[in-house]
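These notes are about the structure you will find just below.
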Amino acid sequence: MLPGEKLVKQWQVGRCCHSNCFGKHAITLTDSRLLSRTEICSCLGCLCGCCCDHPHIDSTINLRNIAQIKQFGASCLHVWFYRILNCDFCCPPNSFDVRGSFGSQPIYVSEAENFDVQTMIPLAMAKNESKHNL
């Protein structure tokens, strides 16, 4: 986190039925940014399970740049592609599509945290906007 930045909330979900052995998705919400870390698990890399570190992709989004947060409906086609492309032959986590001037960024959370994500991110966006308008 950056100096002066305040942690608002963190979420984490395993890629495979809430098990971290095959990588995980982690979201950190601060008072000014949304940070995302997704551990990559290729078909061969998943064979090591919990025995190895997984490479990861990090992204950061300034809250002022977010225009829309939309929950993905997990259609059969989406679930099938998710499983094939990510070698996750188990249950995929719930996902949101965050859109703005940066393009589009998927974020993944557990089903129990859906409501929390839908309320906390817009609330942090509103507080961040009011802080900049003073």
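The values are calculated or read from the model by the stated rules, or taken from the named source; none is laboratory data. If you're wondering where the values come from, they're calculated on a predicted model, not measured in any experiment.
With respect to (1) at pLDDT 60 or above; (2) among the polar types (S, T, N, Q); (3) assigned to a strand (DSSP E or B), the lone exception for Asn128 is condition (3).
Restricted to the range 1-107, the set of strands (runs of 3 or more DSSP E) holding at least 3 residues that are at pLDDT below 85 comprises 7-16, 19-30.
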